[in-house]
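Notes follow the structure.
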Amino acid sequence: MKKDLDWSSLGFGYIATDYRYSSKFKDGAWDEGQLITDSMITLSECAGVFQYAQTIFEGLKAYSTKDGHIVCFRPDLNAARMADSAKRLEMPVFPEDRFIDAVCQVVKANQDWVPPYGSGATLYIRPYMMGTNPVIGVKPANEYEFRVFATPVGPYFKGGAKPIVIKVSDFDRAAPHGTGHIKAGLNYAMSLHAIVTAHDEGFAENMYLDPESRTKVEETGGANFIFITKDGTLVTPKSDSILPSITRRSIMYVVEHYLGMKVEHRPVYFDEVKDFAECGLCGTAAVISPVGRIVNHDTVIDIPAGMEEMGPVTKKLYDTLTGIQMGSIEAPEGWIKKIC
Ligand code: PLP
Ligand code: COI
């Protein structure tokens with residue numbers, strides 16, 4: 001029986017669900033792993049995660065489809081990205097097939113928490129891993145725990161699909177050099193001051209520029225950028241220091257193969273932003289969220305699509321992407337993992 005929640009009024013918050021998955025790494029090997037009910041974790045005060053922030057995570061969603069199934073979207077790409085994150089932080093890789101299996105187990109065990117089709121909510125899935133044994137000299141841990149929990153969520157930005165106002169951050173996206181493209185806790189901790197500052201000033205998010213020249217658009221705190229030119233081409237920033245968004249990579253494919261539009265994946269200069277017709281943020285949590293205005297101190301860029309609703313191309317993209325994710329539009333081979 002579905003839980004008795006007011007699904008359509010959920011925001012992007014944490015609600016503990018019934019089951020989570022845990023597997024532990026010790027003496028060079030992962031144990032079998034299992035579903036557990038305890039949401040709490042007790043660790044040494046000196047655990048690697050606390051002392052040197054040795055922790056990585058992923059984010060994906062499970063969807064209820066129109067025909068009554070529960071699916072998730074391209075979990076193989078989350079497994080692969082988590083493996084890259086693990087290597088960069090000197091952590092053992094949790095095998096990619098086991099990652100997908102763990103995600104499926106957690107979703108299946110919590111199926112009463114998967115928001116119904118059409119409710120506007122989804123089940124957000126958070127795989128993560130941390131160093132658990134005491135480390136006091138600067139070095140990697142040698143024991144780890146891999147976990148997966150799930151929580152029902154609504155829209156990431158208040159106001160749902162309404163365009164948001166963002167600012168150009170005065171702070172650099174302060175990921176330690178060479179880690180910007182991986183999903184590691186320390187990268188996000190370094191962005192917290194910037195996001196609190198932006199929120200205090202009334203902005204929904206930050207646009208980060210490249211720290212070296214501060215001329216190129218990178219990404220926001222939790223999503224990649226997409227832009228639509230006046231003649232209907234999708235332009236999206238190429239940078240080694242942004243997270244390789246699975247949503248963005250999927251959108252690039254959909255734009256070309258489903259909508260017959262052109263795609264440009266290249267450096268995008270802040271100076272060009274004023275010339276685009278539409279702007280949006282894309283990610284698992286953000287889905288596709290329209291941006292209506294970008295403020296850089298005294299310079300205000302009003303995106304022609306406006307503050308009332310998504311621009312027409314962004315809307316078409318949103319409908320196609322979410323249609324694929326929720327089963328009303330046929331997906332490319334291998335994109336949808338049916339769970340139950
Ligand atoms: N960029 C950042 C910094 C993110 O946190 C996320 C969210 O995961 C994304 C981009 C979007 O990535 P994805 O589409 O894989 O969720
Ligand atoms: C995601 O979209 O999965 C993210 O990680 C964004 C944010 C919640 C950090």
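The values are calculated or read from the model by the stated rules, or taken from the named source; none is laboratory data. Computed from a prediction, not measured in an experiment: that's the story for all the values here. Cβ coordinates were reconstructed from backbone atoms using ideal geometry, including for glycine residues, and neighbour counts include every protein chain displayed. Remember, those area values only see protein heavy atoms, side chains included, never the ligands or the DNA or RNA. Shrake-Rupley method; radii C 1.70, N 1.55, O 1.52, S 1.80 Å.
Does SER39 satisfy being part of a loop (DSSP other than H, G, I, E, B) and either small (Gly, Ala, Ser) or in contact with a strand residue (DSSP E or B) (Cβ under 8 Å, 6 or more places away or on another chain) (or both)? Judged against the criteria, SER39 is a match.
In segment 145-159, the count of residues that are over 19 Å from the mean Cα position of the chain (by Cα), in contact (Cβ under 8 Å) with a residue 60 or more places away in the chain and away from ligand 2 (no atom under 15 Å from the Cβ) is one or more.
The condition of being modelled with pLDDT of 95 or more and under 17 Å from the mean Cα position of the chain (by Cα) holds for only one of ILE195, ILE228, ILE164, that being ILE195. The set of residues from segment 181-197 being in contact (Cβ under 8 Å) with a residue 24 or more places away in the chain and either assigned to a helix (DSSP H, G or I) or among the hydrophobic types (A, V, I, L, M, F, W, C) (or both) comprises ILE182, ALA184, GLY185, LEU186, TYR188, ALA189, ALA194, ILE195, THR197.
Look through segment 192-218, keep the residues that are hydroxyl-bearing (Ser, Thr, Tyr) and closer than 25 Å to GLU272 by Cα, and return whichever of them is nearest to ligand 1 (Cβ to nearest atom). Residue satisfying both the conditions and the ranking: TYR208. Put simply, of LYS158, LYS238, LYS167 the only residue that is within 16 Å of ligand 1 (Cβ to nearest atom) and of a type outside the set (A, V, I, L, M, F, W, C) is LYS238. Entry remark, segment 305-319: residues being in contact (Cβ under 8 Å) with a residue 60 or more places away in the chain and not hydroxyl-bearing (Ser, Thr, Tyr) number 9 in total. Note on segment 176-216: residues that are buried (at least 17 other Cβ atoms within 10 Å of the Cβ) and among the aromatic types (Phe, Trp, Tyr) amount to 2. Being within 16 Å of ligand 2 (Cβ to nearest atom), in a loop (DSSP other than H, G, I, E, B) and open to solvent by 10 Å² or more (accessible area, probe 1.4 Å) is a property that LEU243 has.
Among the residues here, ASP271 does not qualify as at pLDDT 95 or above, within 21 Å of the chain's Cα centre (by Cα), assigned to a helix (DSSP H, G or I) and away from ligand 1 (no atom under 16 Å from the Cβ).
State whether one or more residues within segment 240-249 are outside the structural domain of LEU60 (by TED's automatic domain parsing) and without any contact (Cβ under 8 Å) to a residue 60 or more places away in the chain. Checking segment 240-249: at least one residue is outside the structural domain of LEU60 (by TED's automatic domain parsing) and without any contact (Cβ under 8 Å) to a residue 60 or more places away in the chain. Among the residues making up segment 52-97, a single one is more than 15 Å from ligand 2 (Cβ to nearest atom), assigned to a strand (DSSP E or B) and of a type outside the set (A, V, I, L, M, F, W, C): SER64.
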